[in-house]
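This report concerns only the one structure given below.
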Amino acid sequence: MYYLSLEFLMGRALGNAILNLGLEGRATQAMQELGYRLEALEDWEYDAGLGNGGLGRLAACFLDSMATLALPAYGYGIRYEFGIFFQRIRGGAQVETPDNWLRYGNPWEVERPEYLYPVHFYGQVSSRTDADGALRFLWADTQVIMAMAYDTPIPGYRNNTVNNMRLWAAKSTREFDLDYFNHGDYERAVSDKAQSETISKVLYPNDNVFEGRELRLKQEYFFVSATLQDILRRFKKSSSGGFADFPDQVAVQLNDTHPAVAIPELMRILLDQERLGWEEAWAITVGTFGYTNHTILPEALERWPVSLFGYVLPRHLQILYEINRRFLEQVTARWPNEPERLRRMSLFEEDGEKKVRMAHLAVVGSHSVNGVSSLHSEILKAQLFRDFYELWPERFNNKTNGITPRRWLRLCNPALSRLISERIGEDWVRDLDQLRRLEPLAEDPRFRESWREVKLANKQRLAECVRSLTAITVDPRSLFDCQVKRIHEYKRQLLNLLHVLALYNHLKANPGAQVVPRTVIFAGKAAPGYAMAKLIIRLIHAAAERVNDDPDLDGRLKVVFLPNYGVSLAERIMPGADLSEQISTAGTEASGTGNMKFALNGALTIGTLDGANVEIREEVGEENFFLFGLTAAEVAQQQARGYDPRELFDSNPTLRGALDLIASGALSPGQPDLFVPIVAGLLDHGDPYMLLEDFDSYLNCQQRVAAAYRDQEAWTRMSILNVARMGRFSSDRTIREYADEIWGVRAAPVSLPPRKRS
Ligand code: 26W
């Protein structure tokens with residue numbers, strides 16, 4: 001099984017390796033004897049930040065689960081020299097600096113110069129007829145870049161299995177050395193050589209927005225081409241010849257469309273190199289690939305200009321045309337005389353600049369298409385891929401995301417893990433459904449007391465982290481209200497902020513008000529080119545400045561933005577959270593996985609019926625979940641009808657008060673117009689994510705949250721029940737479903753002979 005992904009957000013490896021290998025006791029002791037704390041040592045490791053957000057972290061959780069389930073599975077991707085940028089805050093604004101994570105070397109990787117493959121770009125295609133009368137295609141005059149393998153071990157949890165993540169680095173070919181002899185320009189020869197190695201230099205920092213850059217297309221093809229050469233080498237080594245059983249021996253999962261060029265690439269290899277006929281090659285290809293969709297946001301869907309695609313990959317463009325011709329023939333056979341349907345389904349978008357629709361390619365070239373939560377998979381069938389679902393209903397399925405309980409509970413929350421294991425043993429680490437056995441303990445006052453003590457200690461740790469990162473002091477007894485994820489309009493950090501400003505106005509108007517003290521914590525990176533997201537970060541800082549410094553509030557409200565959110569910071573935040581903000585407009589968040597990390601660490605969720613929130617609520621019980629807002633169906637209706645945010649603005653004084661605070665310039669002294677685009681986006685540009693529509697419902701819900709928090713016994717009961725019922729959201733469950741229903745792959749457990757004592 002091969003998991004192809006442009007992103008793997010691994011975070012740190014040391015603690016995870018020690019845990020999975022069962023070396024915690026010995027490693028801790030060894031460090032102690034040397035006069036160190038293991039934790040302090042762990043803090044020196046750079047995060048491997050080779051991803052943006054949810055999709056990249058999901059890939060990392062999947063690798064952990066595949067190894068733990070002893071599946072014969074490989075991760076394949078790119079060894080970026082620079083991962084996701086470091087976020088710093090200067091004057092309340094995001095500043096990006098390069099993540100030079102390899103600066104001091106990387107002890108976890110093994111260089112494999114023996115796995116070195118040529119990858120071709122550009123050039124021309126010519127055709128000729130063979131001696132045997134067959135039409136052959138020749139892709140010539142290409143530029144060649146070498147792909148060199150770097151392997152990182154992926155240890156399973158205490159099962160003697162170590163899988164492999166193979167990442168490719170670009171290396172120039174010797175031809176670049178000979179370049180000098182062609183033009184006699186030594187400096188240019190060296191710079192051309194260096195230029196050719198830029199392919200694996202840097203991760204594109206966009207999350208959920210497509211940018212059609214030539215270098216990005218080259219990255220996608222570079223790693224796909226090297227990976228397929230490696231897969232074919234391994235297949236040929238172990239098979240008895242012939243490709244008939246290729247789909248039985250090989251499963252390739254495409255993590256979104258980013259590696260979808262693998263489809264025409266496998267076709268090219270089978271047709272042009274292995275000389276198979278089209279029909280046979282196509283059956284093998286479709287039988288091999290599965291495609292996972294992770295977003296329906298139109299601006300995130302990959303649509304490459306045909307001119308660019310054909311320039312970089314001319315032979316692949318030809319193959320796409322032929323795939324499309326045959327596909328549309330099939331559509332026509334099923335629905336004669338429906339030109340509109342052909343236009344909708346084509347692999348090529350024809351209005352305006354002609355483009356390749358990578359999502360359509362991925363659906364046509366895969367035997368399985370899945371969404372990442374039940375709601376999202378239904379939306380795929382009913383909307384984004386509706387026509388395709390009518391044609392091939394059997395291809396569509398759901399695989400609700402999950403998270404690895406090793407990193408996201410056992411490793412990041414040792415205190416809670418200890419408390420749990422004291423009562424139900426340690427099997428939950430491998431079998432998260434075991435957490436159910438905590439349910440009766442929710443009624444035990446002494447257990448609840450211990451549960452609260454653990455949470456408080458984790459909040460103290462988080463408060464210390466807040467202080468050291470921001471110099472802001474927060475009270476661990478206040479409600480820790482957390483929204484941490486990429487900054488994006490659809491995730492509605494602004495809605496959260498409107499609540500903060502409404503609270504602020506309320507406290508200013510009612511100085512003696514007895515409210516539940518809150519610490520509202522934000523963290524997340526904005527794509528460097530996403531102006532509105534960056535402005536939202538500035539607004540959060542402006543609000544923090546205003547709120548935190550106001551003596552009238554005497555600590556009843558604090559706002560904090562933690563810089564440089566990533567895997568390691570998440571490991572600090574999740575255990576210390578009371579409230580998890582999962583407030584995207586219904587129908588926009590494919591799944592979410594942060595929602596699962598919070599709930600597994602005992603935070604309660606305030607959320608919409610979006611993504612996996614729906615299933616989390618079903619599992620933990622509606623009485624243990626704070627629900628608000630329109631449903632996805634209501635959002636769609638409302639959008640079809642068209643709605644007027646001004647009306648809501650005029651009729652709701654609380655909302656008006658909060659928005660006026662932003663619009664008046666009061667939060668940005670000296671720059672009165674700074675935040676005007678934010679207010680204009682809501683009032684003048686139609687409020688596409690319906691913040692105003694959900695505002696009232698959200699505020700009411702936050703009041704229910706505060707009321708619930710006052711009753712600490714009841715809150716703790718809910719917290720315990722949330723954790724007890726999270727078993728379904730283990731990525732072990734998710735991976736078992738992929739293995740059984742899509743890949744047809746079974747565990748290959750490793751048993752070692754008993755170790756000799758020395
Ligand atoms: C080409 C630019 C680009 C880059 C990344 C477009 C889209 C992406 C990703 C697909 C965005 C992403 O990370 N999606 C998230 O995937 C998670 C794992 O399935 C889900 O939990 C999140 O809801 C979804 O936003």
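The values are calculated or read from the model by the stated rules, or taken from the named source; none is laboratory data. What you see is a predicted model, and the numbers here were worked out from it, not measured in a lab. Note: ideal-geometry Cβ built from the backbone for every residue, glycine included; neighbour counts use all protein chains shown.
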- Message: Which count do you get for residues in segment 286-311 that are assigned to a helix (DSSP H, G or I) and more than 16 Å from the ligand (Cβ to nearest atom)?
- Response: 7
- Message: I'd like to know if segment 260-282 contains one or more residues that are within 16 Å of the ligand (Cβ to nearest atom), among the aromatic types (Phe, Trp, Tyr) and in contact (Cβ under 8 Å) with a residue 12 or more places away in the chain.
- Response: no
- Task: Report, by residue number, each residue of segment 125-172 that is at pLDDT below 95, out of contact with any Ser or Thr (no Cβ under 8 Å at 6 or more places or on another chain) and either under 28 Å from GLY105 (Cβ atoms) or aliphatic (A, V, I, L, M) (or both).
- Result: ALA131, ALA134
- Message: I'd like to know if segment 203-224 contains one or more residues that are within 18 Å of ILE319 (Cβ to Cβ) and more than 16 Å from the ligand (Cβ to nearest atom).
- Response: no
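Can you tell me which of ALA747, ALA666 is within 30 Å of ARG406 (Cβ to Cβ), in contact with a helix residue (DSSP H, G or I) (Cβ under 9 Å, 6 or more places away or on another chain), of a type in the set (Gly, Ala, Ser) and not in a helix (DSSP H, G or I)?
On the way: ALA666 fails: within 30 Å of ARG406 (Cβ to Cβ).
Going through ALA747, ALA666 in turn, just one is within 30 Å of ARG406 (Cβ to Cβ), in contact with a helix residue (DSSP H, G or I) (Cβ under 9 Å, 6 or more places away or on another chain), of a type in the set (Gly, Ala, Ser) and not in a helix (DSSP H, G or I): ALA747.
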- Message: Can you report the number of residues in segment 1-29 which are touching a Pro at 6+ places or on another chain (Cβ under 8 Å), within 16 Å of the ligand (Cβ to nearest atom) and among the aliphatic types (A, V, I, L, M)?
- Response: 2
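Mind telling me which of the residues LEU266, LEU254, LEU271, LEU276 ends up being outside any helix (DSSP H, G or I) and either under 15 Å from HIS367 (Cβ atoms) or touching a strand residue (DSSP E or B) at 6+ places or on another chain (Cβ under 8 Å) (or both)?
Numbers: LEU266 fails: outside any helix (DSSP H, G or I); LEU271 fails: outside any helix (DSSP H, G or I); LEU276 fails: either under 15 Å from HIS367 (Cβ atoms) or touching a strand residue (DSSP E or B) at 6+ places or on another chain (Cβ under 8 Å) (or both).
Of LEU266, LEU254, LEU271, LEU276, the one residue that is outside any helix (DSSP H, G or I) and either under 15 Å from HIS367 (Cβ atoms) or touching a strand residue (DSSP E or B) at 6+ places or on another chain (Cβ under 8 Å) (or both) is LEU254.
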- Query: Inside segment 35-65, can you point out the residues that are within 22 Å of the chain's Cα centre (by Cα) and assigned to a helix (DSSP H, G or I)?
  - Reply: GLY54, LEU55, GLY56, ARG57, LEU58, ALA59, ALA60, CYS61, PHE62, LEU63, ASP64, SER65
- Which condition does ALA70 not pass, out of (1) under 19 Å from ARG166 (Cβ atoms); (2) more than 16 Å from the ligand (Cβ to nearest atom); (3) not in a loop (DSSP other than H, G, I, E, B), if it passes all the others? (3)
- Message: If SER239 meets every condition in (1) under 30 Å from GLU322 (Cβ atoms); (2) in contact with a Leu (Cβ under 7 Å, 6 or more places away or on another chain) apart from one, which number is that one?
- Response: (2)
- Message: Considering only residues that are part of a loop (DSSP other than H, G, I, E, B) and more than 12 Å from the ligand (Cβ to nearest atom), which ones fall in segment 585-603?
- Response: THR585, ALA586, ASN601, GLY602, ALA603
- Task: Among the residues of segment 428-475, write down those that are under 16 Å from THR519 (Cα atoms) and in contact with an Asp or Glu (Cβ under 6 Å, 6 or more places away or on another chain).
- Result: none
- Note on the structure: Within segment 540-584, restricting to residues that are within 16 Å of the ligand (Cβ to nearest atom) and part of a strand (DSSP E or B), the one that is surrounded by the fewest Cβ atoms within 10 Å (Cβ to Cβ) is GLN582
- Message: With of a type in the set (S, T, N, Q) and either under 27 Å from the mean Cα position of the chain (by Cα) or within 16 Å of the ligand (Cβ to nearest atom) (or both) as the only criterion, which of SER196, SER191, SER239, SER200 stands out?
- Response: SER200
- Being assigned to a strand (DSSP E or B) and touching a Pro at 6+ places or on another chain (Cβ under 7 Å) narrows MET146, MET165 down to just MET146
